[in-house]
Amino acid sequence: MQTRQTPHAAAPDAARWSAVAEWYHAYFTGLVMTMVTRRGAREAADLVFHIFRRQHLERFLPGLEKLGLQGLPPAVAAARYHYLSNAIGGVKVEYMEESARKAWVRYAPPRWAWHGTAVCAIPGEVSRAVLRGWHAHNGVSLGTRRLGFVCTKQTMDGQPGLEGYYCEYDHDLAPDERLRFARGEEAPDFDPAQAPVLPTATWPEERLQKARRNYAMEYVRTALPELIGLHGPFDAAYLGGVTGQLIGMQFYHETAAALGLPGHGDATDFARFMVALARAQGDEAELVAGGAHPCVRQASWKLMSGIADLHGAAFDAWNRLLDGALGAHNRHLALKVTRRLDEGDDAFEWRIVPRGKPGKL
């Protein structure tokens, strides 16, 4: 006879938001590794370039305004943006200002983007694509052709962190001069007392974790449309989907535990996980009573909200996170999508059924 588990206590908001941050952080890192292993370093770097360029175009100038950095010299504004915005996301960054025309940033180990042991599988070409996509374009966005970024170290090359400086030159830079490498130069030591005041310094834990959740989700929100644009919907659904399947399986138990759930059981137990995860993401979700199989309804999709002309392949890839999680929860169950918000329905809806015996839904 199967023993029912005592219901777990609801997890506090900070723990739930932290779990979602790790869930999407892992998915983003996993997607880049999928590209490296199944398509090669060049195509992985191309995707990373487009992800970071898209984020830059969408976030840099509005972020400068939110952080109160308008009117500063270009090199200082660019470097302070990276220091402050990454701090909000929980990324360890250092800032050293030498002058109004030269300011350093250093991303110290462990590197946030390349989660855990994944750092061993990320080629230097992919890391350089981050710099080409974002750092090399800051001057263009600021309206000056004289701002460039000089990279002095790369973690992928075995050096202690990614570091470099923004430099405002006396002449306009050609596009291929906006990023250069000077491996013989060394960043000054970081002095927190001389750095800008972090906006997170006085934030309570819940606000910190919510910001970090949104930061991690933003990477996936950017990555899936770019993946579809570069590789078409069928390959994107495969590449994003196999990543989702693996990450969902690998991270299910720790995510369920962080949400205050047992991490195993029957179909109803997994439906409760889906509802808890959706709500922790900021979505409206409920477990719907009635019918032979548990039904979960989600009436919003915060992850992709507001993106125009989003292809259905984004949902196909993202949904595989839940498929993978269900495989880790109970391999005898399957997830059936019966309604899709992204296709005009008023909600997403899933039913959890016996694997291999779907029947008529």
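Bear in mind that the values in this text are calculations on the coordinates, not laboratory data. None of these values were measured; they are calculated from a predicted model. As a convention, Cβ positions derive from the backbone with ideal geometry for all residues, glycine included, and neighbour counts pool all protein chains shown.
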Fill in the blank from the handout: Counting lysine pairs in the chain that sit 8 or more positions apart or on different chains, with Cα atoms under 23 Å apart, gives 12
Completion exercise
Interchain or sequence-distant (5+) residues whose placed amide H lies within less than 5 Å of the amide H of L179 are F149
Completion exercise
Using alpha carbon centers only, region 195-236 is separated from region 56-122 by a whole-angstrom value of 14 Å
Exercise for the section: Run the quick spin-label model on A289 and D342: label points 7 Å from Cα toward the beta carbon, then report their separation in nm to one decimal. Expected result: 3.3 nm
Handout entry: Debye intensity ratio in log₁₀ form over the Cα atoms of region 234-354, taken at each q of 0.21, 0.22 Å⁻¹
Key = -1.31, -1.43
Handout entry: Structure-based [θ]222 nm, the chain - -39500 (n - 2.57) summed over DSSP H runs of at least 4, per residue, nearest 500
Key = -16000 deg cm²/dmol
Problem - Local electrostatic count at R39 - Lys and Arg +1, Asp and Glu -1, tallied over other residues with Cβ under 11 Å - result: -1
Practice task
With a/c under 1.5 counting as rounded, go ahead and sort the chain into rounded, prolate or oblate using the C-alpha gyration tensor (a ≥ b ≥ c being the square roots of the eigenvalues; past the cut-off, prolate if a/b is larger than b/c, else oblate).
Solution key: prolate
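Please sort 92-102, 158-168 by packing, taking for each peptide the average over its residues of neighbouring beta carbons within 10 angstrom, highest first. Provide the component values of the computation, followed by the final result.
Details: 92-102: 17.3, 158-168: 19.5.
Highest-to-lowest ranking by the protection proxy: 158-168, 92-102.
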Practice task
Let me know the shape class of region 312-361, please: from the alpha-carbon gyration tensor, a ≥ b ≥ c as square roots of the eigenvalues, rounded when a/c is under 1.5, otherwise prolate if a/b is greater than b/c, or oblate.
Solution key: oblate
Problem - Size of electric dipole in the chain: Cβ of Lys, Arg +1 and of Asp, Glu -1, about Cα centre, debye, nearest 20 - result: 760 debye
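What is the packing order of peptides 188-197, 214-223, 227-236, taking the mean over residues of other C-beta atoms within 10 Å and listing the highest first?
Numbers: 188-197: 11.1, 214-223: 21.5, 227-236: 17.7.
Order by mean packing, descending: 214-223, 227-236, 188-197.
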Fill in the blank from the handout: So, with points 7 Å from each Cα along the Cβ direction, the T200-T37 label distance in nm works out to 2.9 nm
Exercise for the section: Based on the mean of other Cβ atoms within 10 Å per residue, sort peptides 338-348, 240-250 so the most packed one is first. Expected result: 240-250, 338-348
